[in-house]
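Notes follow once the structure below has been shown.
The values are calculated or read from the model by the stated rules, or taken from the named source; none is laboratory data. Worth saying up front: this structure is predicted, and the values here are computed from it rather than measured. Neighbour counts run over all protein chains shown; Cβ positions are idealised from the backbone, glycine included. For the accessible areas, the whole protein counts, side chains as well, though only heavy atoms, and no ligand, DNA or RNA atoms are used. Shrake-Rupley method; radii C 1.70, N 1.55, O 1.52, S 1.80 Å.
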Amino acid sequence: MVVHEEGEIMQTEQDPTMELSKCKGGHLACADCRVERPGNQRQCQKCERGGGFDVRNTAVDSVLSSVRVECPHEGCGLYVTYHKLADHQSVCPLAPCKCPVPVCGYEGPPPALYHHISTAHPMPVHRIQYGKVLQLQVPLSEPRLLLFAEEDRRAFFLVGGVLDIGAPIAVSVVCIRAGASPLPHYVAKLWANGPPGEPKGTTDAVKVEMEVTSSKDPGDVDVQELTFLTVPPKLLAGAKLVSLHIQIDKLTS
């Protein structure tokens with residue numbers, strides 16, 4: 001099995017077979033189905049007396065193990081051995097994800113979320129380039145926005161919330177994709193600047209660096225479950241916006 005950069009699984013000639021076995025009554029079962037059987041996994045549940053799977057049916061095993069089916073996710077187009085389809089779907093870069101806007105109900109591949117949110121919702125949408133700093137003015141009343149990277153059409157969700165420890169805002173970043181996706185990894189740097197200080201015009205700042213968590217349901221992610229940036233009250237000085245800087249780096253290994 002080969003895992004590509006975007007989490008795609010391509011089957012090779014060395015892929016394992018389904019390990020089909022046949023009971024004395026002629027019933028077939030693959031290795032996964034035998035493992036899932038209650039009690040003695042070697043017993044056939046179709047036979048009246050629960051006969052064992054004693055014969056390996058290599059001919060049917062070879063035929064079924066070569067059958068390939070197309071990933072059902074829109075825009076993927078990848079063909080995989082059908083008994084490995086679930087493995088691919090768990091990491092497919094085009095697995096449908098939920099819109100982070102509450103009560104919306106839309107689901108679609110991550111690239112489609114950019115168009116959906118920008119046309120159907122008032123949520124701010126910003127384009128970001130990997131390795132470059134993006135400066136944002138984030139409203140304290142609704143610290144939520146979408147970031148979109150043209151390079152690989154990846155969508156990120158900036159999520160914020162109020163902590164119980166007295167800080168007015170905490171912010172973090174979530175990558176909108178299948179949670180099991182192995183590569184690439186993303187690292188985000190977040191920092192916030194306060195108003196110029198006295199007397200030398202210095203500015204207080206807080207900064208955090210984090211590995212970006214992935215989720216197919218970003219709107220349901222609690223910021224307190226992530227690594228987050230806490231913006232203390234003194235950096236706000238009564239403002240309704242927080243000056244936030246963000247940089248996302250893409251790691252392919």
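Quick notes on this one:
- Residues of the stretch 116-146 satisfying the condition of being buried (at least 16 other Cβ atoms within 10 Å of the Cβ), within 21 Å of VAL187 (Cα to Cα) and of a type in the set (A, V, I, L, M): VAL125, ILE128, LEU136, VAL138, LEU145, LEU146
- So LYS207, is it part of a strand (DSSP E or B), at pLDDT 85 or above and open to solvent by less than 50 Å² (accessible area, probe 1.4 Å): no
- Complete set of residues in the stretch 155-169 that are in a strand (DSSP E or B) and at pLDDT below 85: GLY160, GLY161, ILE169
- Residue check, PRO96 open to solvent by less than 40 Å² (accessible area, probe 1.4 Å) and in contact with a Lys or Arg (Cβ under 9 Å, 6 or more places away or on another chain): no
- Test: residue in the stretch 171-193 that is of a type in the set (Ser, Thr, Tyr), closer than 17 Å to LEU146 by Cα and modelled with pLDDT of 85 or more: yes
- Cβ-Cβ contacts under 7 Å between residues 6 or more apart (or on different chains), taken from a first residue in the stretch 238-253 that is modelled with pLDDT of 85 or more and surrounded by fewer than 17 Cβ atoms within 10 Å (Cβ to Cβ) to a second residue that is in a strand (DSSP E or B) and of a type in the set (D, E, K, R), are absent.
- Tabulated pairs, the stretch 125-136, first free of Cβ contacts under 8 Å to residues at least 60 places away in the same chain, second outside any strand (DSSP E or B) and open to solvent by less than 40 Å² (accessible area, probe 1.4 Å), C-beta under 8 angstrom, 6+ apart or interchain: VAL125/ILE117
- Residue check, LEU113 open to solvent by less than 70 Å² (accessible area, probe 1.4 Å) and either closer than 17 Å to VAL221 by Cβ or in a loop (DSSP other than H, G, I, E, B) (or both): yes
- Condition check for VAL212: surrounded by fewer than 17 Cβ atoms within 10 Å (Cβ to Cβ) and at pLDDT 85 or above: no
- Contacts under 6 angstrom Cβ, first residue in the stretch 82-110 being within 17 Å of PHE157 (Cβ to Cβ), partner small (Gly, Ala, Ser) and at pLDDT below 90, 6 or more apart: PRO93/GLY7; ALA95/ALA178; PRO100/GLY219; PRO109/GLY75
- In the stretch 147-164, the residues that are in contact with a helix residue (DSSP H, G or I) (Cβ under 8 Å, 6 or more places away or on another chain), open to solvent by less than 30 Å² (accessible area, probe 1.4 Å) and either charged (D, E, K, R) or over 15 Å from LEU244 (Cα atoms) (or both): PHE148, ARG154, ALA155, LEU163
- Residue list for the stretch 99-154, restricted to those being among the hydroxyl-bearing types (Ser, Thr, Tyr), at pLDDT below 90 and in contact with a Lys or Arg (Cβ under 9 Å, 6 or more places away or on another chain): TYR114, SER141
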